[in-house]
Every structure is written in C-alpha cells, then in structure tokens.
Amino acid sequence: MLQRGRRPRDTAPATVERELVCQLVLEAGRTVPVPTRLVYRTDDPYAVHVAFHTDTDTPVEWFFARDLLIEGVFHPTGQGDVKIWPGKTPRTMNFVYLLLSAPDEHALLQAPAAAVSAWTERTLRLVPPGSEESRLPSDVSTLPPPLPGGAV
C-alpha cells in the first residue's frame, strides 16, 4: 500500500558523483592540480571509484572501500595500497590526504575535506552503513565492471 508523500523504493541502481580538484603533492611541498571524479554506485555499495584526470588520454582510476574514505575524513585509516587521513595542522586541516601505492610508485593527493565530507554524506543517505549487503546483486556475475579507462 502506498502512503501519501512516499514513493516505492527504487530498484534501479543510483549513482552519486562529484567533480573536484585534488592536489598531487610533489617534492618540496609543491602541488599540481588534478581534476578528480568521485563515483559511488548503489550496485557496488562497498566501493568508491575515483578517476584522476591527468595529462594522459585516459584517467588513472582507483577503487577502494567506501569505509576507508568515510573514516579517513576523521582519523588515519587504511593499510597496503590505500591510506587516508585528515590534515591536522592549521595549514592542512582543510584537506583529506590519500596515499595511493602501486608496486613501483605512489601518489600523495590532497582533497578538499569539505567536498569529500559532503559527498560521503550523500552516499550514506543513499545507502546507510550496514545496509550495503541488501544492495548486492543476488548473482555475483552481475556486479558492475570498474569504470572504463586506465589502470585500476
């Protein structure tokens, strides 16, 4: 039965996207702007997909646990390939830092904390913590592929 002011729950996957500019941190504190796209899809509810648009034809793409980004806004988290932490000094407190590591290289990026926080809040309203499993397809073969483009 439908109630006034309420609509049936959508079954089609939804997406939350955010375009922002991160800063790639280089030696001696220099930075280079990197246009970035954050993507969250309800049909892949545990993951965050991030595309970094560098000076190449295809973006550099990463995906990792949404929980890492949510927790990393508040305190250091992660191990292995992805580590995230908030800035703690007056000069850095407006940023969230992402350290992304591959076998032969790594990248340290600064992301604007307010934009990341607002985006993660939108993903949490769409799929609250603890409800991710209910969004998974019953057949694992129907999971969506990573975003098209560069290395993941």
Review point. Among the candidates VAL16, VAL34, which residue alone is outside any helix (DSSP H, G or I), in contact with a Ser or Thr (Cβ under 7 Å, 6 or more places away or on another chain), over 20 Å from TRP85 (Cα atoms) and in contact (Cβ under 8 Å) with a residue 60 or more places away in the chain?
Key: VAL16
Practice item. Inspect all residues belonging to the range 90-102 and state whether any of them is open to solvent by 50 Å² or more (accessible area, probe 1.4 Å), under 29 Å from ALA14 (Cα atoms), touching a helix residue (DSSP H, G or I) at 6+ places or on another chain (Cβ under 8 Å) and assigned to a strand (DSSP E or B). Key: yes
Review point. Does GLY72 satisfy the criteria of being in contact (Cβ under 8 Å) with a residue 12 or more places away in the chain, crowded, with 20+ Cβ neighbours inside 10 Å and of a type in the set (Gly, Ala, Ser)?
Key: yes
Point to revise | Single residue of VAL21, VAL34 found to be open to solvent by less than 30 Å² (accessible area, probe 1.4 Å) and at pLDDT 95 or above | key: VAL34
Review point. Taking the range 37-57 as the region of interest, how many residues are in contact (Cβ under 8 Å) with a residue 24 or more places away in the chain and either part of a helix (DSSP H, G or I) or touching a Pro at 6+ places or on another chain (Cβ under 8 Å) (or both)?
Key: 7
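Only one of PRO112, PRO144, PRO86 is in contact with a strand residue (DSSP E or B) (Cβ under 8 Å, 6 or more places away or on another chain), modelled with pLDDT of 95 or more and surrounded by fewer than 18 Cβ atoms within 10 Å (Cβ to Cβ); which?
Going through PRO112, PRO144, PRO86 in turn, the sole match is PRO112.
The values are calculated or read from the model by the stated rules, or taken from the named source; none is laboratory data. As the structure is a prediction and not an experimental result, all values here were calculated from the model. Positions of Cβ are generated from backbone atoms using ideal geometry, with glycine treated the same way; all protein chains shown enter the neighbour counts. For accessibility, only protein heavy atoms count, side chains too; no ligands or nucleic acids. Shrake-Rupley method; radii C 1.70, N 1.55, O 1.52, S 1.80 Å.
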